[in-house]
């Protein structure tokens, strides 16, 4: 199989940017990725562009140049960025392109995502009675998980405090302020047992990657990062999923479990080999559950892992070293590519104050989102 | 007695002394709400609490159409009730204090108003109530 390498990464920092156009942010992230690869848009032969709010994200080529190449819009819920990565890698493997880009951007209004339930095929009453929200799913899932596996509220707060501390040493993070475990526990409850500081917020921003055939990677950089696996899975019957009025009593594993297992198999790399990870932290509970669903620990071991600082920079598996979604917010189209941006920086040894020690070689990214899709990538030098 | 209407026809049996949620069956698998065209099945009225959370802020409106305001919004609890051998059903609960809910406790279906229209009409939806609370009230 053709090797695929990431040879350039770019980011428009996530946050709030007033009237600035979302497409402009996307173009700037793409230009930054091209500059990082030491190349130009004219070299790119295929592009995948992800967004939720921009209905024709391929309009970004108006900024980059009208070169006539195939450009495809991508939307796959919170798994959009991982989907764009996977599709760009496939374009190279299938021979459509030697050089391809994955670009993502979004600009969300403030507050919880709001939509009519008909967009996912649910009846109007589900929205009218206050059920059509993603946030309470996360509250219910972690409440049940804590009960079954002995995870404490303090552990939830420690995860949020760790991500905010990592944000405070990440120059491009949206949230730069450390918050103590006590303050996180005392902040207002959003969906019991999750408090305000345990949630990410929707915001604005963009990220982009330049990918190429592995055998030409060194034309662009001396430190290519190879895509060992990029797998996507949707939910199976019985999975406990967001916005479900009912769920079968006999449960199936989350699509995260399926995507993760597939990625390990494709890569020939196991969870013990991973040295730095990005896990979807829509909320602190999600990060804890995703540690187990991605195979890094058994259900219930999180309590000890977090108490020991295992997921902090310098721990056995640093997670969300740039602060993750909790410190960066979630522009849906870009979020997964921000994860890759961070892993690439870590594997290339250029993550500054948040650099994971020991010269890590293998990194991991994971997305999960409505209505039940997960994307996992395994990257290595 | 104020004027009442249901939020959606076909969601639960009403009016009824002992209302039930209306599910459907296809190839042996149950679905709630019922899928059009499939055989309908009335679900058990009692089950056990599977997991819960609270909704502390007013949901985005639309689609939420409660007649409250962000300031006057009354938080509610919600989650899943396991109806043994049938389904986990997502529902609002009549008890809004999470410290008074526990996984495994018995819950019973009830029909409650969730909003009142400007003309005074109460709009009814389904909820589950802790059985103990119901007995005490």
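Bear in mind these aren't lab numbers, they're just calculated from the coordinates by the rules spelled out. Only a predicted model underlies this, so the values are computations on that prediction, with no experimental measurement involved. Using ideal geometry, Cβ is built from the backbone for each residue, glycine included, and neighbour counts are taken over all protein chains shown.
One table, with the values for the structure above:
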| read-out | value |
| --- | --- |
| Label point distance in nm, residue B:121-residue A:226, each placed 7 Å from Cα along Cα→Cβ | 6.6 nm |
| Cα-projected label distance for residue A:154 with residue A:2, points at 7 Å along beta-carbon direction, nm | 5.4 nm |
| Coarse-grained scattering of chain A at q = 0.06, 0.08 Å⁻¹, given as base-10 log I(q)/I(0) from a Debye sum over alpha-carbon atoms | -0.20, -0.36 |
| Spread of Cα-to-Cα distances over 5 Å intervals beginning at zero, given as percent, for the stretch A:86-126 | 5, 17, 13, 9, 11, 12, 13, 13, 5, 2 |
| Highest-MSF residue in chain A out of A:367, A:325, A:185 [GNM, Cα springs under 10 Å] | A:185 |
| Principal axis dimensions, largest first and in whole angstrom, of the stretch B:1-77 by Cα | 46, 34, 24 |
| Helix A:135-149 vs. chain A, principal-axis angle (Cα, 0 to 90°, nearest 10) | 60 degrees |
| Distance histogram in 5 Å bins (all Cα pairs of chain B, percent per bin) | 2, 9, 18, 21, 20, 17, 10, 3, 1, 0 |
| Principal axis dimensions, the stretch A:215-367 - Cα atoms, whole angstrom, descending | 52, 38, 31 |
| Computed [θ] at 222 nm, helices only, for the protein assembly as shown once each DSSP H run of length n ≥ 4 contributes -39500 (n - 2.57) | -7500 deg cm²/dmol |
| Förster radius 45 Å - calculated FRET efficiency between residue B:9 and residue A:16 (Cβ-Cβ, nearest 0.05) | 0.55 |
| Acute angle (nearest 10 degrees) that the helix A:153-168 long axis makes with the longest principal axis of chain A, alpha-carbon atoms | 30 degrees |
| Full-stretch length increase - residue A:350, residue A:24 - with 0.36 nm per residue and alpha-carbon distance subtracted | 114.7 nm |
| Paramagnetic reach from residue A:250 (point 7 Å along Cα→Cβ, amide N under 17 Å) across the stretch B:72-111 | B:83-88 |
| Tilt relative to chain A, helix A:22-36 - C-alpha long axis, 0 to 90 degrees, to 10 | 60 degrees |
| Beta bridge orientation in chain A: antiparallel %, DSSP, nearest 5 | 70 percent |
| Whether the stretch A:134-175 is rounded, prolate or oblate, judged on the alpha carbon gyration tensor where a/c under 1.5 counts as rounded | oblate |
| The stretch A:247-328 - convex hull of the alpha-carbon atoms, volume per residue in Å³ | 111 Å³ |
| Value of D in µm² per second that Stokes-Einstein yields for the stretch A:142-286, Kirkwood Rh from Cα pairs, at 10 °C (1.306 mPa s) | 86 µm²/s |
| Stretch gain in nm, segment residue A:307-residue A:234, where the contour uses 0.36 nm per residue and the Cα spacing is subtracted | 23.0 nm |
